[in-house]
Amino acid sequence: MFSVTPIPAFSDNYIWLLKLPNSRKVAVVDPGDAAPVIRYLNDNNFELDVILITHHHYDHTDGVKELTDRYQVPVYGPHNSPFSGITHFLKEGEKLDIWGQQLTIKEIPGHTLDHISYFINGEQPQLFCGDTLFLAGCGRLFEGTPKQMLAAMTHFQSLPDNTEVYCTHEYSLANLAFAEAVEPENTDVKDAINLCSKLRNSDRPTLPTTIAQEKRINPFMRSDQVSVITAAQKFTHQTQLDQEAVFAAIREWKNQF
Ligand code: ZN
Ligand code: FE
């Protein structure tokens with residue numbers, strides 16, 4: 001298991017920094033900006049060893065060139081990415097070894113077609129899921145279909161409940177406001193709003209979340225629940241909706257929310 005630290009970037013991105021105890025070597029996930037990473041490395045006397053990319057968007061990749069010019073480290077990322085800075089290409093089911101830790105690659109198209117996640121199993125499982133799964137939300141469908149994103153959510157549901165989920169954006173409060181609109185009776189959503197509000201008021205990240213929490217609060221993980229199905233029926237004014245149609249309706253509602 002890695003110790004994981006957020007480096008804030010732009011207005012609401014987190015660049016996650018991975019490290020093992022007793023080592024100065026670090027990995028960063030989705031460095032959209034090089035400057036805060038370089039500053040963090042210098043301040044802590046850490047050594048950048050590897051870069052991991054989840055998908056091609058600029059806010060996840062724009063810092064790569066400056067970092068690799070400076071540190072000459074490998075850049076792992078999806079094999080089918082339009083981003084040109086990847087040096088080592090990853091595919092579905094592949095295992096990547098970083099300092100003796102195994103990261104399992106899962107292709108999760110939806111937000112983009114090249115999106116992958118990194119999962120580390122063990123006593124404390126950890127998931128780096130980019131812009132696919134957020135606390136109480138999911139990524140916008142820029143390139144993929146509702147069916148693809150629903151498949152990603154279904155996959156995440158199969159991971160251990162105690163998995164720490166490291167999303168790339170601090171969208172939690174906005175997502176929770178939407179989750180509350182979908183499920184006004186869901187007390188776990190209200191509890192999460194209270195907790196996340198406290199954290200944000202003291203300028204702390206609401207992340208990581210866990211798979212257990214997402215199963216309780218995330219409407220995009222709950223498209224098989226009666227309360228979410230009923231909300232989707234109201235939104236679409238239709239009564240016969242399969243799970244994919246429920247998911248698509250909730251996603252469309254969120255786009256307009
Ligand atoms: Zn993105
Ligand atoms: Fe992003």
- request: Report the charge-dipole magnitude of the chain in Debye, nearest 20, computed about the Cα centre from +1 at each Lys and Arg Cβ and -1 at each Asp and Glu Cβ.
  value: 200 debye
- prompt: Near Lys147, which aspartates and glutamates are there with a Cα under 15 Å away, not counting those fewer than 8 places off in the same chain?
  reply: Glu107, Asp224, Asp242, Glu244, Glu252
field: In order through the range 108-115: 3J(HN,Hα) via Karplus (6.51 cos²θ - 1.76 cosθ + 1.60), integer Hz, x for Gly, Pro
entry: 10, x, x, 4, 9, 7, 9, 6
task: Select from Thr209, Trp253, Thr104 the residue farthest towards the positive end of the dipole of the chain; place +1 on Cβ of Lys and Arg, -1 on Cβ of Asp and Glu, and compute about the Cα centre.
output: Thr209
message: Using the Karplus curve 6.51 cos²θ - 1.76 cosθ + 1.60 with θ = phi - 60°, what ³J(HN,Hα) values do you get for each residue of the range 66-76, in whole Hz, with x for Gly and Pro?
response: 5, 5, 6, 4, 7, 10, 6, 10, x, 10, 8
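From the alpha carbon gyration tensor of the chain, can you work out the equivalent ellipsoid semi-axes (sqrt of 5 times each eigenvalue) and give them in Å, largest to smallest?
Over the Cα atoms of the chain, the ellipsoid semi-axes are 32, 19, 16 Å.
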message: For a quick check: with amide H placed at 1.01 Å from N, whose amide H comes under 5 Å from Glu164's, ignoring anything fewer than 5 positions away on the same chain?
response: Gln126, Leu127
field: Note, ³J(HN,Hα) from phi for the range 119-126, Karplus 6.51, -1.76, 1.60, rounded to Hz, x at Gly and Pro
entry: 10, 10, 8, x, 4, 10, x, 9
- request: List every residue whose amide H lies under 5 Å from the amide H of Gly130, counting only residues 5 or more places away in sequence or on a different chain, with H placed 1.01 Å from N in the peptide plane.
  value: Thr168
query: Counting DSSP beta bridges in the range 3-256, what percent are antiparallel, to the nearest 5?
result: 65 percent
query: What residues have an amide H closer than 5 Å to that of Ile15, excluding those fewer than 5 places away on the same chain, when H is modeled at 1.01 Å from N in the peptide plane?
result: Ile7, Ala9
query: Remind me, relative contact order of the chain in percent, using alpha carbon pairs under 8 angstrom and six or more residues apart?
result: 13 percent
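Since every read-out is calculated from the coordinates, none of them should be taken as a lab result. Here the structure is a predicted model, which is why all the values come from computation and not from measurement. So basically every Cβ, Gly included, is an ideal-geometry build from the backbone, and we count neighbours across all protein chains shown.
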